[in-house]
Amino acid sequence: MSDDTSLQIPFPYRRSLHGPYAAGLHRDWLTRHPLLPDADHPGYAHWEVVDLAALGYPDAGPDDVALGADLMGFYFLFDDQFDGPLGRRPSEVAPICERLIAILHGAPPEQSSPVETAFADLWTRSVQGMSARWQARAAYNWEWYFASHPAEAAGRISNRPPDRDGYLVLRRGTAAMETVFDMVERLGRFEVPAAVLHHPVLRQLRQLAADIPSLSNDVRSFPLEAPRGDVYNLVIIVQRERRCSAEEACALVLDEAQLMVERCRALHESLPDVYAELGLSRIERAIAQRYADGLITWLAGYLSWEARTGRYQAA
């Protein structure tokens, strides 16, 4: 059970000991790819990005924790560039995302663009040692992430507010959780057998582990997102559809997230039966369990970080 979030999490979080080492490498990476005006920006430091990587991937080696930190920094800083006027101009957002998608398929980055050089570096490092099968899946998930941003920008200026189903479709893209979970394998230096990776039980577990942070994040970021006109926030949708107060909507979203946590635990506990039914070898079972444990370790670590980070605190 977590001791520092509003959700009751039956999984413990752990922290890598390589955080200080990764912090130095992450600062160097930000200097090489200036996504910030200053690598020592005090506001960014308050987000504790490196700690999120240390909590999310506690068993990764020193350089891999640094790669995780660089990825976390990229997600946040890329997403934030659309918080202002650009985020309401989908026709300008789309070309930015198309160029990043092209990098996945071999296009060189524009050297004058820190966003493109940063992502090209991340992608090159991420695919090292991984099979063509893993790379194809990871490329698809990155494309999904990037391609969701023009739709999010369009949603901000649309007269058609999203319903719950529309929210889930887009949120699952912009949250980038599939790419985060691909890195459980990459940073752990293993790959999950296809038969178990796509088994309904593990797919449900993965989806829940991806959705719970989105719901929790919607509650924490609601005070920041509502004033700037963001519509893809479940609190906003629940408040509109239930015609209730913001406080009631937040409570309903958190209650739903808590039910998802309990379902997550039940699915995780049922995995040994899945391994037996599939006839997995001892090694295959160990790999599959390592992946499943990685999903819930990320979940617990993220929720611990989210409760403390300055990223979602109003100025």
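The values are calculated or read from the model by the stated rules, or taken from the named source; none is laboratory data. All figures in this text were calculated on a predicted structure; none of them were measured in a lab. Methodologically, a virtual Cβ is constructed for each residue, glycine included, from the backbone with ideal geometry; neighbour enumeration extends over all protein chains shown. In case anyone asks, the SASA skips ligands and DNA or RNA and just uses the protein heavy atoms, side chains included. Shrake-Rupley method; radii C 1.70, N 1.55, O 1.52, S 1.80 Å.
Sort 256-265, 201-210 by the packing proxy (mean of other Cβ within 10 Å over each peptide's residues), most packed first.
Going by the mean number of other Cβ atoms within 10 Å, highest first, we get 201-210, 256-265.
Taking the stretch 76-149, which GluC sites (Glu not before Pro) meet the DSSP loop condition and have no more than 14 other C-beta atoms within 10 Å?
Filter output for the stretch 76-149: Glu110.
Compare Val49, Val274, Val231 in a GNM of the chain, Cα atoms joined below 10 Å, and give the one with the largest fluctuation.
Top of the fluctuation ranking is Val274.
What's the extension gain from Met130 to Ser158 if we count 0.36 nm per residue and subtract their Cα-Cα distance?
My answer for the length gained is 6.0 nm.
On the protein heavy atoms, probe 1.4 angstrom, tell me the percent of accessible surface of the chain carried by carbon and sulfur.
That fraction is 55 percent.
Ordered by residue, what ³J(HN,Hα) values in Hz, to whole numbers, does the stretch 252-263 give under the Karplus form 6.51 cos²θ - 1.76 cosθ + 1.60, where θ = phi - 60° and Gly and Pro are x?
5, 5, 5, 4, 5, 4, 5, 4, 5, 4, 5, 5
Indicate the gyration tensor shape class of the stretch 189-234 (rounded, prolate or oblate), computed on the Cα atoms with a ≥ b ≥ c the square roots of the eigenvalues: a/c under 1.5 is rounded; otherwise a/b larger than b/c is prolate and the rest oblate.
prolate
Calculate, for the stretch 247-304, the solvent-accessible area per residue in square angstrom, rolling a 1.4 angstrom probe over the heavy atoms of the protein chains.
47 Å²
Helix-only estimate, please: 222 nm mean residue ellipticity of the chain, summing -39500 (n - 2.57) across DSSP H runs of length 4 or more and dividing by its residues, to the nearest 500.
That calculation yields -23000 deg cm²/dmol at 222 nm.
Mind checking the per residue accessible area of the stretch 191-236 for me, 1.4 Å probe, whole number of Å²?
32 Å²
Any idea how far the Cα center of the stretch 54-95 sits from the one of the stretch 199-267, in Å?
21 Å
From the phi of every residue in the stretch 198-205, what ³J(HN,Hα) in whole Hz does the Karplus formula 6.51 cos²θ - 1.76 cosθ + 1.60 yield, where θ is phi - 60° and glycine or proline is x?
Per-residue couplings from phi come out as 9, 5, x, 5, 6, 5, 5, 4 Hz.
Per-residue HN-Hα couplings for the stretch 84-98, Karplus 6.51 cos²θ - 1.76 cosθ + 1.60 at θ = phi - 60°, whole Hz, x for Gly and Pro?
x, x, 4, x, 10, 10, x, 5, 8, 5, 4, x, 4, 6, 4
May I ask you to give the solvent-accessible area per residue for the stretch 29-82, in square angstrom, as obtained with a 1.4 angstrom probe?
I get 34 Å² per residue for this part.
Can you tally the net charge around Glu225? Count Lys and Arg as +1, Asp and Glu as -1, for every other residue whose Cβ sits under 15 Å from the Cβ of Glu225.
My count for the surroundings of Glu225 gives 0.
Taking the Cβ of Asp255 as the center, what net charge do the other residues with Cβ under 12 Å away carry, scoring Lys and Arg +1 and Asp and Glu -1?
Cβ neighbours under 12 Å give a net charge of -3.
First check a/c for the stretch 25-71, with a ≥ b ≥ c the square roots of the eigenvalues of its C-alpha gyration tensor; if it is under 1.5, answer rounded, and if not, answer prolate when a/b is larger than b/c or oblate otherwise.
It is oblate, given that a/c is not under 1.5 and a/b is not larger than b/c.
Classify the stretch 94-179 as rounded, prolate or oblate, taking a ≥ b ≥ c as the square roots of the eigenvalues of its Cα gyration tensor: rounded when a/c is under 1.5, otherwise prolate if a/b is larger than b/c and oblate if not.
oblate
Find out how many positive minus negative residues lie around Phe82, taking Lys and Arg as positive, Asp and Glu as negative, among other residues whose Cβ is under 13 Å from that of Phe82.
Neighbourhood net charge equals -3.
If I take R0 = 22 Å and measure r between the Cβ atoms of His46 and Ala307 in this structure, what FRET efficiency does the formula 1/(1 + (r/R0)^6) give, to the nearest 0.05?
Result of the calculation: an efficiency of 0.95.
Kindly rank 61-71, 29-39 from highest to lowest mean number of other beta carbons found within 10 Å of each residue.
61-71, 29-39
Taking N as the number of residues in the stretch 179-263, what value does Rg over Cα atoms divided by 2.2 N^0.38 Å take?
Computed over Cα atoms of the stretch 179-263, the ratio equals 1.36.
In Å and on Cα atoms, what radius of gyration and Dmax does the chain show?
19.1, 55
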